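Right, one structure below, let's go through it.
The values are calculated or read from the model by the stated rules, or taken from the named source; none is laboratory data. Small disclaimer: the values here were computed from a predicted structure and weren't measured. As a convention, Cβ positions derive from the backbone with ideal geometry for all residues, glycine included, and neighbour counts pool all protein chains shown.
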Amino acid sequence: MLFDLRLSIRVLVSCVLITLFALTPSVRAQSQVASPADIHKELVSATQTRQKNLEKAERLFSSEEAQKALKAARIDPAQVTAAVSTLSDAELARLASRADKIDQDFAAGQLSNRDLLIIIIGIAVVILIIVAVR
């Protein structure tokens, strides 16, 4: 009888351990899966952010001063505009933040027209270099 009891306990413990190890990964996997609604919200948010950043960059390069500066530096404004749309989200976010700072500084009178032209040409050259390197 003692032998059967030990065997029964071993079988029971083995079954419990196998069940625990077999179920644990599936339970963990279920708790880490994002819902489709959450994924959709994140995608919409990322798309809206990218669109806002594109608008800021386009606004910077579409101003009359920027167009004159690009033409004076013999840089095709259409090429710069096309290159902006190929930037990664991180690069575009940095460009948009710089465009905001340039707008604020220019509106506050901290930048002259000459300074603004130099900055715009510099940014355009950097964008074209980034696109050319890819």
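Looking at I102, is it in contact (Cβ under 8 Å) with a residue 12 or more places away in the chain and within 16 Å of I130 (Cβ to Cβ)? Taking the combined requirement at face value, the residue does not satisfy it. Going residue by residue through segment 101-110, is there one that turns out to be closer than 20 Å to Q51 by Cα, part of a helix (DSSP H, G or I) and out of contact with any Leu (no Cβ under 7 Å at 6 or more places or on another chain)? Yes: segment 101-110 contains one or more residues that are closer than 20 Å to Q51 by Cα, part of a helix (DSSP H, G or I) and out of contact with any Leu (no Cβ under 7 Å at 6 or more places or on another chain). Across segment 71-99, the number of residues qualifying as free of Cβ contacts under 8 Å to residues at least 12 places away in the same chain and assigned to a helix (DSSP H, G or I) comes to 6.
P36 passes every criterion in (1) over 19 Å from I120 (Cα atoms); (2) modelled with pLDDT under 80; (3) of a type outside the set (K, R) apart from (2).
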